[in-house]
Every structure is written in structure tokens, then in C-alpha cells.
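Quick notes on the structure that follows.
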Amino acid sequence: MNIAELKEDLISYSKTIGIDKIGFTTASTFDGLRNRLVKQQELNYQSGFEEPDIEKRVNPSLLLDRPQSIISIALAYPTKMSKRVTSKKGERRGIFCRASWGEDYHYVLKDRLNKLEAYLQEKVPDVQLKSMVDTGELSDRAVAERAGIGWSGKNCSIITPEFGSYVYLGETITNIPFETDEPMEDRCGSCNKCIDACPTGALVQGGQLDAKRCIAFLTQTKGFLAEEFRVELGNRIYGCDTCQTVCPENKGKDFHFHKEMEPEPEVVKPLLKPILHLSNREFKDKFGSLSGSWRGKKPIQRNAIIALAHFKDETAIEDLTILLTSDPRPVIRGTAAWSLGKIGGDGAKTALQHAIDMEQDEEVRVEITKGLQLIEE
């Protein structure tokens, strides 16, 4: 078997199945990453969604017997909708981040990786392979950086010259010793726009993220959001694009290569008030195909409530009052109380005054009190 020819064949094949960029690197340990992960752990900057075993994140030999190389792939996703929907008084809308537009990217990437695996198995019947997309053990970004897909930006995203940072990443570990590609030179230079623009200061410095302060993480949590984060959420109901949209490398980048990734405007920029009353089945029917639905409806509904406060949408007072008095979930009742306080007005005040007499949950009572104080301010 001529491995150089196989690599060229695989690169050519990858283009026919909808892979926008492919790179190759060694299967050696990611020693620099190990040090960074230990530091992140010590600082309590990790989100908790990561693989907890740091060695599995940095050592491919723990995932595949005697690995020789790793194949990294990137798929570019759209940044603009073909049909524009607008938010207006009485019909305010939330927004899912661009990485959650279209079909759940985990399935899209797995489809491409499965095709690569099948191709290699046909060419090399005894090949060993292990593929993964960000829920796997390895760091997609560390693999992509070493494989020359792009450089690791100060916003903690892989930035490619062709597509900016608007790419999904995945990888396949293999026992085939492919020749490796050269890593790319860091082009961020002295630019700090992403750090300066981060709404919550989650970007501590270039390349270092306090995940627990990142809006992308916070929108996925299920408990009460701290008030300092609520006021920064805006109308985001899942994820955050700020550190990408301000990046000069992303200016003008918008690619529509993959049908599965095309956004449905009414789904990714949905009306907020209807979200508040969705059943589990209705939520799954409307949002279930998005990667942003993975935590269920509760975080999305909580975030929609906060977004209505951001807009000070007086037309939502009745909807929020129903949640405050009837919803079985304390987080939803309490967040509705805070939102009513932010919106203000006699109707909101009356709803809060009635609710505090009935409410038994102490956390919710605190939020009702906060809401009343906001109205008085």
C-alpha cells in the first residue's frame, strides 16, 4: 500500500462527500494541551460538559490501539439567512447562535466521518479507526490546529483562512501512518476585538476562556442565572456569536455548501411568547432537529423569559403571569417574576404582589421580591 497515494485519494474523495477542508497530524500526545487543561481545572474555568479524564483528552493511544495518525475535517456553515425575519413590538424574537442553525451538526459531521471510514475500510480492510465530534474525548480544536486546518484564535475558535471560524470540526484516529500536515501560523497578532467585545468577560485573555462565564455555556444551564448574566443575555436563547462576529477574519464570510445546515428562520429566530407554553412534544417537533435543543426545553424557555425582559415587552405580562402562578418549575416561576419586574407597570406589579402571598419556594420568593424592587426603582 502506497500511503502517500492513499492520502491524496482520501483528500480527493473527501471533496466529493461534502468535506470542505481536511488535514492530517500525528497521533502523539497533546502535551501542551495537557498543561492548559490542568490549569483550567485548577482555575475552575471548565464548563463541566467536557470529558473529565484529562489523559483521554490528550492521549489518542488511550482511545485506539497503537494509533499512527489523526484525520481532521472541517465543514463551513452559513452566517446569514436567505429569508429575513424581524423582531417587532408585540412579536419579539429570540435567536439561536449560528452553530445551531440547520440539522444538528453532530449528525452532519458523523455522516461525513462514516463515509471516510467506509472508504478507508474498502482500501485497507484491516484498518483501525475511531471517529468523534465534540462530544468525544479529544479536543477537536487541538487536533485541527495541529493538522493545519487553521490557527487557534484568541476567541478560542479555530480560524481558517478560507471560512473564518465558522466551521464544524471532527476527527478520525487511525493506525495508518499518514504524512502529517504543517500547523498554520497564528494570525491574530495584536488584535483583541473578541476579548474586548465579550459581554461577560469570559475571555480572560487570548486563548483562555472561563467557560462558566461564557454566554454560550450559560444558555445551556438549567438553574437560575445570576443577575449579572441575565442583563447581558439580550435576546439570545441558545449560544453566543459575539466573539466570532467581531473577528476581522470573519468579515464577509457566509457559505451555503450544505443543505442540512440551512436555517429555517422561524425556527432559529423564533417568536418568544409561544416558546413559553410549549409542551415537551411541541418543543421537540419545532426545535428537536437543532443541536441547541439537546438540553431540553427548560433552558430555552428560561432564556426566552429573560429575552422578553430585555425587550421590556409589555404584551408578555399576561404570559409571564401565567408562568409565575401556574408553572411547576421554580426556575421558570422565579425567572418570570424577575422579568415582570424588569418590564414594570401596574399589571406586572399586581401579578407579583398576588404571587408572593401564594409562593412557597424560598428562591422564587426572592425573585418576586427582586421583581417588586425593580418596579419601585
Report task. Enumerate the aspartates and glutamates that residue 251 could reach by cross-link, defined here as Cα to Cα under 12 Å, with residues fewer than 8 away along the same chain left out. Result -> 162
Report task. Would you mind ranking 310, 106, 277 so that the residue whose beta carbon has the fewest other beta carbons within 10 Å leads the list? Result -> 277, 106, 310
Report summary line: Amide H contacts under 5 Å for residue 312, restricted to residues at least 5 apart in sequence or on another chain and with H modeled in the peptide plane, are none
Query raised in the report: Going through region 177-279, which GluC sites (Glu not before Pro) have at most 15 other Cβ atoms within 10 Å and a DSSP loop state?
Result: 179, 185
Requested in this report: Could you list 21, 39, 83, 286 in order of exposure, starting from the residue whose Cβ has the fewest other Cβ atoms within 10 Å?
Outcome: 83, 39, 286, 21
Report task. Put one equal scatterer on each alpha carbon of region 127-200, apply the Debye formula with no solvent term, and list log10 I(q)/I(0) at q = 0.12, 0.13, 0.25 1/Å to two decimals. Result -> -0.39, -0.45, -1.21
Query raised in the report: Semi-axes of the chain's equivalent ellipsoid from the Cα gyration tensor, sqrt of 5 times each eigenvalue, largest first, rounded to whole Å?
Result: 43, 21, 19
Query raised in the report: Once you list every other residue whose beta carbon is under 12 Å from the beta carbon of residue 319, what net charge do they have if Lys and Arg are +1 and Asp and Glu are -1?
Result: -2
Query raised in the report: Net charge near residue 236, counting Lys/Arg +1 and Asp/Glu -1 over other residues with Cβ under 14 Å of its Cβ?
Result: +4
Query - region 208-338: C-alpha pair distances exceeding 19 Å, % - result: 53
**Report entry** Over region 140-280: Kirkwood hydrodynamic radius from C-alpha pairwise inverse distances, Å
**Finding:** 17.4
Query - Computed over region 6-84: relative contact order in percent, which uses C-alpha pairs under 8 Å that are six or more apart - result: 45
Requested in this report: Determine the relative contact order of region 3-174: mean sequence separation of Cα pairs under 8 Å and six or more apart, normalised by residue count, in whole percent.
Outcome: 32
Report summary line: For the chain, the helices passing both cut-offs (Cα extent along own axis of 18 Å or more, Kyte-Doolittle mean at least 0.5, full DSSP H runs) are 330-343
Report summary line: Under the Karplus relation with 6.51, -1.76 and 1.60 and θ = phi - 60°, whole-Hz ³J(HN,Hα) for region 194-203, x at Gly and Pro, equal 5, 5, 5, 8, 4, x, 10, x, 5, 7
Report summary line: Check: C-alpha center region 1-27 vs C-alpha center region 266-331, spacing in Å is 44
Requested in this report: Would you mind computing the Rg to Rh ratio of region 101-146 from its alpha-carbon coordinates, Kirkwood style for Rh?
Outcome: 1.03
Report task. Give, in whole angstrom and from largest to smallest, the semi-axes √(5λ) of the equivalent ellipsoid of region 1-119, with λ running over the eigenvalues of the Cα gyration tensor. Result -> 34, 26, 11
Report summary line: Computed about the Cα centre, the charge dipole of the chain from +1 Lys/Arg and -1 Asp/Glu charges at the Cβ has a magnitude in debye, to the nearest 20, of 800
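Which of 51, 122, 137 comes first, and how do the rest follow, when ranked by fewest Cβ neighbours within 10 Å? Show your work: numbers first, answer last.
On the way: 51 14, 122 9, 137 19.
Ordered from fewest to most neighbouring Cβ atoms within 10 Å, 51, 122, 137 come out as 122, 51, 137.
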Report task. Can you find, among 274, 108, 234, the residue farthest towards the positive end of the dipole of the chain? Put +1 on the C-beta of Lys and Arg, -1 on that of Asp and Glu. Result -> 274
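A short reminder: the numbers here are calculations on the coordinates, not readings from a lab. Nothing here was measured: the structure is a model prediction, and the numbers come from that model. Positions of Cβ are generated from backbone atoms using ideal geometry, with glycine treated the same way; all protein chains shown enter the neighbour counts.
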